[in-house]
Amino acid sequence: MKSPNCFNKKTMLSLILRLSLFPFCVFAYQITGKILLPETPVWSPVIYLSLIPSFDDLNAVSEDFIINKSDIRSDGYFIIKGENIPEGDRIYRLHICQKGDPIATIMIGGEEENHCHFLMNKNSKILFNSTDLLFSNYQISQNEALDNLKE
Amino acid sequence: MKKLLLLSLLTFLTASSFSQNDVPQNRIKKTLELDGSSFQKEIKLMVREEKTLRYSVKGKITGGKFDVKIYDPNGKKENGFLLSTMEGSNAKGSLIEVNTDPIPGIWVFKIDNSKSKGSISLSAFQNNRGL
C-alpha cells in the first residue's frame, strides 16, 4: 500500500510540472500589436490571421486560409492567440478589410495595401507595430530569430 | 483545290482570332464581366522605354476562382493575384503597381477564370517619368 506521503509527493510533482507547462499549452502563439486605421474609407475593426500554404500563394486569398481573428480596439491595439497551427515555421498573413468587403480581400500595392506577411511557428510571440496608417510602415519582431518577410 | 480552300479558310480564321487577342496595345482599359463560365484570356501591352508603367487590376467575385498574372517581356512573372472562394462566398482583390523602369517590349496579362461571377477592371498605361 502506498504511503500518503509518497502519493502527495507524486501529486505535487505532477501539479508543478503541469503548472510550469501551462503557459505553453494554453496559448502557444501570440501576436500583439497596434495598427492605425484611417477615418476614410471606413475599415472594419477586425484583423485576420491566415496560414499561407506556400510562397506561391503570397498573392492569393481565400476564406480557407483564415485561421483566426481578433477585434481591433479603438486605440488600434489587438491580440491574436491560439494553438491551431501546424508544426514548424510557416508563412502567415495579417490582413484587414474595408467595411462591406468580403473577409477574403487582398489589396496589393498603393496606399490601401491591407496586409503583411511573416514567418511564425506555434511557439512564436510576435510584436507588430505600425507607425503609419495601415501597413504602410510597420515592424514585426519576435522572440525567435525569424526574419520578417516584409516585401 | 478543296483542300487548298479549306487550308486558306483555316489560316484566315486562326489569324483573325490570333489578332483579336494578340495585338499589343499601348494602353489597357477594360472591364471583364464574369458570368460563371470558365475561360482564359491574354491581354498584351506594348511597353516603351523611358516611361513609367502604371497598371491596376481590381475586382470582386462570387464563387469559383479568378487568377491574373502579369508577365514582363522576358516571360518573368512580375505580379498578379488569385481570388479563391468557398461555395457561395465572395473574394475581392486589387493590385496597383507603378514601375518607373519597366522592361520595354510586350507585357502580358494572363487571365484565368474558373466559374466565378463578378466584375474585374484592368487598367494600364505609360506616362513620362516623375508624373
Below 8 Å, C-alpha to C-alpha, sequence gap of six or more: please give me the relative contact order for segment B:56-131 in percent. 45 percent
Filter on B:Lys77/B:Lys115; A:Lys125/B:Lys76; A:Lys69/B:Lys58; B:Lys30/B:Lys115; B:Lys69/B:Lys92; A:Lys34/B:Lys92 - keep pairs with C-alpha separation over 27 Å: A:Lys125/B:Lys76
For segment A:26-142, the accessible surface attributable to carbon and sulfur atoms (probe 1.4 angstrom, ligands and nucleic acids excluded) amounts in percent to 48 percent
What does the average come to when, for each residue of peptide A:55-61, you count the partner chain Cβ atoms lying within 10 Å of its Cβ? 5
Counting only protein heavy atoms and rolling a 1.4 Å probe, how much accessible area do A and B lose on contact, total for both sides, in Å² to 100? 1200 Å²
Spin-label proximity, B:Lys69 to segment B:30-47 - amide N less than 14 Å from point 7 Å beyond Cα toward beta carbon: B:40-43
Within 10 Å, count the other beta carbons around each residue, average over each peptide in A:88-94, B:99-105, B:57-63, and list them highest first. B:57-63, A:88-94, B:99-105
Classify segment A:85-127 as rounded, prolate or oblate from the Cα gyration tensor: take a ≥ b ≥ c as the square roots of its eigenvalues, call it rounded if a/c is under 1.5, otherwise prolate when a/b beats b/c and oblate if not. prolate
Shielding of A:62-68 by partner chains, average beta-carbon count, 10 Å: 3
Can you pull the mean other chain C-beta count within 10 Å for peptide B:96-107? 1
Taking amide H positions as placed in the peptide plane 1.01 Å from N, state which residues far from A:Ile126 in sequence (5 or more) or on other chains have amide H under 5 Å from it. A:Gln30, A:Ile31, A:Thr32
Here the relative contact order (percent) of segment A:26-142, from C-alpha pairs under 8 Å and at least 6 apart, is 35 percent
Return one whole number: the accessible area per residue of segment B:38-131 in Å², for a 1.4 Å probe. 48 Å²
Taking amide H positions as placed 1.01 Å from N in the peptide plane, with prolines and chain starts having none, which residues 5 or more places from A:Met120, or on another chain, fall under 5 Å of its amide H? A:Arg90, A:Tyr92
For segment A:26-142, what is the accessible area per residue in Å², given a 1.4 Å probe and the full set of protein chains? 45 Å²
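The values are calculated or read from the model by the stated rules, or taken from the named source; none is laboratory data. Owing to the predicted nature of the structure, the values given are computational and were not obtained by experimental measurement. Cβ coordinates were reconstructed from backbone atoms using ideal geometry, including for glycine residues, and neighbour counts include every protein chain displayed. The protein model used for the area step is the full one, side chains on, heavy atoms only, and it has no ligands, DNA or RNA in it. Shrake-Rupley method; radii C 1.70, N 1.55, O 1.52, S 1.80 Å.
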